[in-house]
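*Asks:* Here it is, the structure in full.
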Amino acid sequence: MAQPARLGRGGRWGRRRLSPAAPLQATAEQAARWRPWMQRALQLAVLGQGRTSPNPMVGCVVLDAGGQLAGEGFHAQAGLPHAEVGALRQAGERGKGGTAIVTLEPCCHHGRTPPCSQALLAAGIGRVVVAMVDPDPRVAGQGLAQLRAAGVEVLAGVCGAEARQLNRAFIHRVTTGRPLGILKWAMSLDGRTALPNGSSQWISGPEARAWVHRLRGQVDAVIVGGGTLRADDPLLTSRGLGPREPLRVVLSRTLDLPPQRQLWDQGPAPTLVVHGPEASALGRQQLDQLGVERLELDLCTPLTVLAALAQRGCNQVLWECGPPLAAEALGQGCVQQLAAVIAPKLLGGVAARTPLGDLGLVDVNGAQQWDLQGVERLGVDWLWHLNNSLRAIKA
């Protein structure tokens with residue numbers, strides 16, 4: 001990697017005097033100077049994907065006073081040391097008077113680990129470059145303010161758009177109180193998810209199914225309804241293709257559920273059943289005897305389920321539900337991204353199933369417009385990525 005030019009303490013940046021609470025935004029020249037190192041920090045941050053919730057993914061690079069690489073680190077898992085701590089440990093004494101390049105503002109509060117802002121100060125870091133301010137109310141600029149008040153030079157906004165995209169799920173949770181939702185389905189070229197007789201295995205090919213398994217390993221929870229549980233008896237795991245298994249969530253207001261299903265075996269992954277107060281006594285007893293965790297909500301809806309999952313530290317969830325629950329989740333604003341696998345097959349049939357239930361539309365002009373983010377080939381199938389969460393990931 002080319003060595004970014006060093007910004008001396010006597011340069012324009014060092015001479016500017018701002019209040020400690022006001023983060024100094026990078027000029028185009030400054031952003032270009034530090035971008036290569038921030039891109040490396042972003043690469044490091046991705047290494048923690050699927051393991052950091054409820055925390056964000058963070059990467060850090062420490063340069064010595066001469067601008068040479070001294071240490072690298074990333075947040076590997078919630079509860080383990082943060083990226084800054086790992087990079088500082090690797091840098092050792094070489095970090096004194098050097099620069100820390102971090103993808104997110106260093107935390108300044110005590111959680112399961114000590115504040116990173118204090119670790120940077122204790123290491124004698126002279127300059128901190130961050131991609132974005134932490135939207136968490138416990139930080140929200142205070143970490144940068146602490147550093148600047150102690151005489152550390154601070155620069156923000158280098159590769160900010162990339163950093164916000166990387167942690168869009170974390171940002172969504174801390175700003176809305178709900179995990180970011182992805183709705184996934186596989187359908188034929190004519191928009192069918194099953195034949196009129198219910199046959200649906202397999203619409204998509206093995207490459208597409210492997211992609212879904214990897215996706216499950218990256219989200220915090222996978223949600224289905226009682227109808228999907230009864231009809232498909234899904235396993236909802238990553239099949240070992242992800243960094244860890246998600247929480248498997250069943251939304252069933254009445255607990256009219258079969259006594260024998262794969263989700264009741266919690267060896268492969270944990271299961272949570274969310275229900276309403278109207279749930280049957282028999283259904284409650286059955287789950288309790290099986291040792292399956294259940295959660296009763298006064299109002300059992302996609303919105304309330306997401307609020308409960310946010311309290312459990314979920315940043316991102318995957319909806320793999322049937323048409324009625326998918327439509328309900330969309331209608332309540334619980335879906336920010338769509339992942340539609342399209343197989344080059346024609347199923348036909350007027351009564352054949354489609355991905356969504358009734359959305360309550362009476363005019364085509366009232367349909368929500370989604371932004372196409374990309375299309376990729378998965379074997380013989382095509383995967384469409386669509387997004388409506390742009391407002392949620394802006395700084």
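The values are calculated or read from the model by the stated rules, or taken from the named source; none is laboratory data. These numbers were taken from a predicted model, which means no experiment stands behind them. Counting neighbours? That spans all protein chains shown, and the Cβs are built from the backbone with ideal geometry, glycine included. Accessible surface is based on the protein model in full, side chains and every heavy atom, while ligands, DNA and RNA are left aside. Shrake-Rupley method; radii C 1.70, N 1.55, O 1.52, S 1.80 Å.
*Asks:* Using only the alpha-carbon atoms, what does segment 72-186 span along each of its principal axes? Please give whole angstrom values in decreasing order.
*Replies:* 53, 26, 25
*Asks:* Turning to a different aspect of this structure: In nm, to one decimal, how far is the modelled label at LEU359 from the one at ASP371, with both set 7 Å along Cα→Cβ?
*Replies:* 1.8 nm
*Asks:* Work out how far the C-alpha atoms of segment 242-359 reach from end to end along every principal axis, then list the three figures in whole Å, largest first.
*Replies:* Principal axes ranked by extent give 44, 31, 30 Å for the Cα atoms.
*Asks:* May I ask you to derive the relative contact order of the chain, considering only C-alpha pairs under 8 Å and at least 6 residues apart, and to give it as an integer percent?
*Replies:* 15 percent
*Asks:* Sticking with this one: Calculate, in nm to one decimal, what GLN49 and GLN90 gain on full extension: separation in residues at 0.36 nm each, minus their alpha carbon distance.
*Replies:* Values: separation 41, 0.36 × 41 = 14.76 nm, distance 2.16 nm.
Result for the pair: 12.6 nm of gain on full extension.
*Asks:* Roughly how many Å² of SER199 are accessible to a 1.4 Å probe, to the nearest 10?
*Replies:* 60 Å²
*Asks:* Between ALA32 and LEU189, how high is the FRET efficiency from 1/(1 + (r/R0)^6) when r is the Cβ-Cβ distance and R₀ = 56 Å? Nearest 0.05.
*Replies:* Calculated value: 0.80.
*Asks:* Put +1 on the Cβ of each Lys and Arg and -1 on the Cβ of each Asp and Glu in segment 108-201; which of THR176, LEU155, SER200 then has its Cα farthest toward the positive end of the dipole?
*Replies:* Value: SER200.
*Asks:* Classify the chain as rounded, prolate or oblate from the Cα gyration tensor: take a ≥ b ≥ c as the square roots of its eigenvalues, call it rounded if a/c is under 1.5, otherwise prolate when a/b beats b/c and oblate if not.
*Replies:* prolate
*Asks:* To continue, here is another question. Put ASP288, ASP136 in order of accessible area, largest first, 1.4 Å probe: what do you get?
*Replies:* Per-residue accessible area, sorted high to low, gives ASP288, ASP136.
*Asks:* Quick one: dipole size for the chain, taken about the Cα centre, charges +1 on Lys/Arg Cβ and -1 on Asp/Glu Cβ, in debye to the nearest 20.
*Replies:* 1480 debye
*Asks:* Oh, and also: Return, ordered by residue number, the residues of segment 65-86 whose backbone nitrogen is under 20 Å from a label point located 7 Å along Cα→Cβ of ARG138.
*Replies:* What the label zone holds, given the 20 Å backbone N cut-off, is 74-86.
*Asks:* Would you mind giving the average projected area, over all directions, of the Cα convex hull of segment 120-264 in nm² with one decimal?
*Replies:* Details: hull surface 53.6 nm².
Its average projected convex-hull area is 13.4 nm².
*Asks:* Right, next: How much FRET efficiency would the formula 1/(1 + (r/R0)^6) give for LEU282 and VAL350, where r is the Cβ-Cβ distance and R0 is 35 Å, rounded to 0.05?
*Replies:* Rounded to the nearest 0.05, the efficiency is 0.40.
*Asks:* Let me test this: with uniform point scatterers at the alpha carbons of segment 214-292, what is the Debye-based log₁₀ I(q)/I(0) at q = 0.13, 0.17 1/Å?
*Replies:* For the requested q values the scattering log ratios are -0.37, -0.62.
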